[in-house]
Amino acid sequence: MQWPIASALAKLRCPVWALAGDPGRLPVEGLRQARPDAQIQVIPKSGHFLHVFAAKAVEDLIRSTWTSA
């Protein structure tokens, strides 16, 4: 199955960082195929609304990623 935004992702000239819930709706394998260089963080047991059901984990990942960059 072709992920609808795969061609757009391939054209980006900036780093790609994605947060994905598990189980979730982000096609992680599709993202990996479109952008093998993407940094993908999967948060277990958070579902599609990871910012709601795993808010602290999302906050921690964002803080650690942006403060170490």
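The values are calculated or read from the model by the stated rules, or taken from the named source; none is laboratory data. Quick caveat: nothing in here was measured; it's all calculated off a predicted structure. Here the Cβ positions follow ideal geometry from the backbone for every residue, glycine too, while neighbour counts run over all protein chains shown. Surface accessibility is based on the protein's heavy atoms, side chains included, excluding ligands, DNA and RNA. Shrake-Rupley method; radii C 1.70, N 1.55, O 1.52, S 1.80 Å.
Things to note:
- Subset of the range 10-47 [open to solvent by less than 40 Å² (accessible area, probe 1.4 Å), part of a helix (DSSP H, G or I) and either in contact with an Asp or Glu (Cβ under 8 Å, 6 or more places away or on another chain) or more than 21 Å from residue 65 (Cα to Cα) (or both)]: 30, 34
- Just one of (1) assigned to a helix (DSSP H, G or I); (2) touching a strand residue (DSSP E or B) at 6+ places or on another chain (Cβ under 9 Å) fails for residue 66. It is (2).
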